[in-house]
Amino acid sequence: MWTAAGALLLLAALTALVALPRSDRDTSARQDGALTEIIADDIPWPGEGQAAVTLEGSGQVLTHGAQRPVPIASLTKVMTAYVVLDGHPLRPGEEGPRIEVDPRAAHEAGVGGESTVVVTPGDRRTERELLHLLLLPSANNIARLLARWDAGSEEAFVRKMQRAAHDLGMRDTTYTDASGISPTTTSTAADQLKLAREAMRLPVLRDIVATREATVPGVGRVANSNTLLGTSGVVGLKTGSSTPAGGNLLWAARTDGTRLLLGAVLHQRANTTPAEGLTAALEASRTLIDGLRARPRSTGSEG
């Protein structure tokens, strides 16, 4: 039975716990020297646009800026790859079926100032090779080629993209093309995190977005437009830039432990040039990642 003295002791213990300084209570949420939650105070958010971050397994999503749909440019290609791999999954190390380069994909190379790669009609490239061209140099003509191969037309493929977005709970996202060149393809930072979380669970996609450069037969060596790779723990994910979209980066970075930090930085230096916007997005993301990874850790044991 509880005694009056026992009740007083319990009340005193609970009061002492609540009265702990915030820093002490925050430390209790970190285990085994690894970040286990993100503390919302003093996050070095970008000074413009919008952003969102989450720590894998924490259940948290922290956002900054108005989460209104904005053009996302080539971040669109993460969904393109996700839908392609959903319909045509690849195991680690598997190349997948060979896909013929059609005349349209060859003609679109270098047309209209888009981000493209030169390909030869009639060449047969593997699914994995085309995914490299899609996600590293961010080739718009390859995005449309994969869409036609998967669904028969880009329009039909876009409908699949939109269904996938709905299934992932991306309520503020609208896809109108497979490459992101259209300014009517829009999303929010918070929505893009929902996609990033699922995309990074696909071993093949995770491996490709962590690749700094690759050699694709018939095309040559291609470099990843995400220049943060290999720095600040960054292991992905995808850049996107255009004049209406500004600079965008959907990123994944390792903490000192085994978890992934995922983040989206959108609409940096919009309505300037794609190069200026992308530089701003990369710089803002690096500052954000470094600030989150530098948070103090505890030395307790992991439960």
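The values are calculated or read from the model by the stated rules, or taken from the named source; none is laboratory data. Every value quoted in this text rests on a predicted model; they were computed, and no experiment measured them. We place every Cβ from the backbone using ideal geometry, glycine too, and count neighbours over all the protein chains shown. Remember, those area values only see protein heavy atoms, side chains included, never the ligands or the DNA or RNA. Shrake-Rupley method; radii C 1.70, N 1.55, O 1.52, S 1.80 Å.
Shape annotation for segment 158-303: C-alpha extents along the principal axes are 49, 36, 34 Å, from largest to smallest.
Each principal axis of segment 69-115 carries a Cα extent, and these read 35, 34, 16 Å when sorted largest first.
A cut-off under 11 angstrom between Cβ atoms defines the neighbours of PRO69, and their net charge, with Lys, Arg +1 and Asp, Glu -1, is 0. If you add up the charges near VAL84, with Lys and Arg at +1 and Asp and Glu at -1, over every other residue whose beta carbon is less than 9 angstrom from its beta carbon, what do you get? Cβ neighbours under 9 Å give a net charge of -3. Protein heavy-atom accessible surface, 1.4 Å probe, per residue over segment 186-256: 32 Å². The relative contact order of segment 236-283 comes to 42 percent, based on Cα pairs under 8 Å that sit 6 or more residues apart. Measuring nothing but how far apart in sequence close Cα pairs (under 8 Å, 6+ apart) lie, relative to its length, segment 163-277 scores a relative contact order of 19 percent.
Classify segment 127-243 from the C-alpha gyration tensor, please: rounded if a/c falls under 1.5, else prolate or oblate depending on whether a/b exceeds b/c. Cα axes put segment 127-243 in the oblate bin. Using alpha carbons only, the radius of gyration of segment 37-88 set against its Kirkwood radius gives Rg/Rh = 1.07. Using the Cβ of GLY277 as centre and a radius below 13 Å, the other residues enclosed give a net charge of -2, where K and R count +1 and D and E count -1. Counting only lysines at least 8 places from LYS238 when in the same chain, those with an alpha carbon closer than 16 Å to its own are LYS77, LYS194. The convex hull defined by the C-alpha atoms of segment 163-225 has an orientation-averaged projected area of 5.5 nm².
In segment 209-272, the C-alpha radius of gyration followed by the widest Cα-Cα span (Dmax) gives 13.7, 40 angstrom. Inter-label distance, SER153 to THR227: 4.1 nm, where each label sits 7 Å from its Cα along the C-beta direction. Divide the volume of the convex hull around the Cα atoms of segment 73-197 by the residue count and you get 99 Å³ per residue. Distance from the C-alpha centroid of segment 100-119 to that of segment 236-266: 26 Å, rounded to the whole angstrom.
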